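Just below is one structure, and these are the notes that go with it.
The values are calculated or read from the model by the stated rules, or taken from the named source; none is laboratory data. Owing to the predicted nature of the structure, the values given are computational and were not obtained by experimental measurement. As a convention, Cβ positions derive from the backbone with ideal geometry for all residues, glycine included, and neighbour counts pool all protein chains shown. When the accessible area is computed, the model is the full protein with side chains, heavy atoms only, and any ligands, DNA or RNA have been set aside. Shrake-Rupley method; radii C 1.70, N 1.55, O 1.52, S 1.80 Å.
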Amino acid sequence: ASTALAADRDSYQDTIGNSSFEAARNQYGLTKHMKNGAILHAWMWSFKTITQHMPEIAAAGYTSVQTEPMSKIKEVAANGKKFTENWYYVYQPTDTPIGNWVMGTEDDLKSLCNTAHKYGVRIIVDVVANHMTATWGAIADRWKKSEYYHHDCNDGDVQDWNNRYQVTHCKLLGLYDINTENTETANMMHDFLVQAVNDGVDGFRFDAAKHIELPDEYNGSQYWNIILNNGAQFQYGEVLQDSVSRDSDYAKLFSSHSKNGGGVTASSYGSKLRGALNSKNLNAGTLSDWSNSASPSNLVSWVESHDNYSNSDRESTGMSEW
């Protein structure tokens, strides 16, 4: 883990720079740059399931498909394979090889990317780079070093959400918070992402991005600069807006490591849009304001994801297909 792997594949050149990909993309009328297209959030679809539905996905006009996290994850035998009990375990990594019991194998991911590219569609994978599972015993030996984790807040959870240091250094819901100022953890995470891009992945969505410090904070942490240098063409972070979320700074960071795109989630806008749809009051004055300090070209607007469908707020659970 002392030195990071070099990326063998340039996702942008392998897609937009590839005549067969471009022919398929144009056939389905999909946008050239990922930032301008619609993303299908294929929540809890396995790699094989997404692959099987690729003809419909392209025909429906989706530029990209976003999958669940691909890292090895915790499995709780007592819960069996019950979806309602297990969906959140994909956000509790135990190790960083590609493949888990929800999504499938690394070969399944390669097959998915290969099929997607034949239809002019690109693949985004959700990545958990902030933490590991909350169960120490479940973490793989190579990640089981005390120095690989923050030990602030007496090894407890964030207490003050307006305290930037706590947000970036204390545990989130009891999950072991990766020491992102450690070069070895950065290199291990980087190599995991490079492997995915080499397998055909085109972009990443980073879960809990605001919980990882920026390069100008806390001893000049280089975690983001190391892990984002992976060959992907589109990368964005989940940054839920609040008083310390530094939205525009994260947006610039992700954009600088993407080609013609990249940025952060427009979380306040998503909430406004869901409210407008629920109330059937599509007021142009309200919806024309992004309510974000980041540039609109670096914002990803989402109406629905697992965060507002299955988490306790259930903001979108009752929404109809319309």
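Computed from backbone phi with θ = phi - 60° and the Karplus coefficients 6.51, -1.76 and 1.60, the 3J(HN,Hα) list for the range 48-54 is 5, 5, 4, 4, 4, 9, 4 Hz; x is used for glycine and proline.
So how much slack lies between Trp290 and Asp152, counting 0.36 nm per residue of separation and subtracting their Cα-Cα distance, in nm?
Details: separation 138, 0.36 × 138 = 49.68 nm, distance 3.46 nm.
Full-extension gain reported as 46.2 nm.
Take the Cα of Glu56, step 7 Å toward its Cβ, do the same at Thr135, and the gap between the two points is 3.4 nm. Sorted on the mean count of surrounding Cβ atoms within 10 Å across their residues, most packed first, peptides 7-15, 308-316 read 7-15, 308-316. With the cut-off at under 15 Å, measuring from each backbone N in the range 206-234 to a point 7 Å along the Cα-to-Cβ line of Leu5 picks out 227-232.
At R0 = 30 Å, how high is the FRET efficiency between Val303 and Ser19 if r is their beta carbon distance? Nearest 0.05 is fine. Intermediate results must be reported in sequence, preceding the final value.
Values: r = 34 Å, r/R0 = 1.14.
My answer for the efficiency is 0.30.
Annotation: amide H of His41 within the under-5 Å range of Gln66, sequence separation 5 or more or interchain, hydrogens built in the peptide plane.
Legend note: in the chain, cysteines whose Cβ sits 4.7 Å or more from every other cysteine Cβ are Cys113. In the range 157-309, the portion of solvent-accessible area held by carbon and sulfur atoms comes to 47 percent [1.4 Å probe, whole percent, DNA, RNA and ligands not counted]. Of the residues Tyr119, Tyr176, Tyr218, the one that moves most in a GNM of the chain with alpha-carbon contacts below 10 Å is Tyr218.
Based on the alpha-carbon set only, what is the convex hull volume of the chain divided per residue, in Å³? Can you show the working numbers first?
On the way: hull volume 44.0 nm³, N = 322.
Normalising the Cα hull of the chain by residue number yields 137 Å³.
Ordering 199-206, 31-38, 16-23 by mean Cβ neighbour count within 10 Å, with the highest value first, yields 199-206, 31-38, 16-23. For Val300, the residues whose amide H sits under 5 Å from its own are Val264, Thr265, Ala266, ignoring neighbours fewer than 5 places away on the same chain, with H placed 1.01 Å from N.
Across the range 219-234, rounded Karplus estimates of 3J(HN,Hα) from the backbone phi angles (6.51 cos²θ - 1.76 cosθ + 1.60, θ = phi - 60°) give 6, x, 3, 9, 3, 4, 4, 6, 6, 7, 8, 10, x, 6, 9, 9 Hz, Gly and Pro being marked x. Approximating the spin labels as points 7 Å out from Cα along Cα→Cβ, the Val76-to-Leu173 distance works out to 1.1 nm. When the solvent-accessible area of the range 1-155 is split by element, carbon and sulfur atoms take up 47 percent of it, the probe being 1.4 Å.
Taking the solvent-accessible surface of protein heavy atoms with a 1.4 Å probe, what is the per residue accessible area of the chain in Å²? Don't skip to the answer; put the middle values down first.
On the way: 13680 Å² over 322 residues.
Value returned for the chain: 42 Å² of accessible area per residue.
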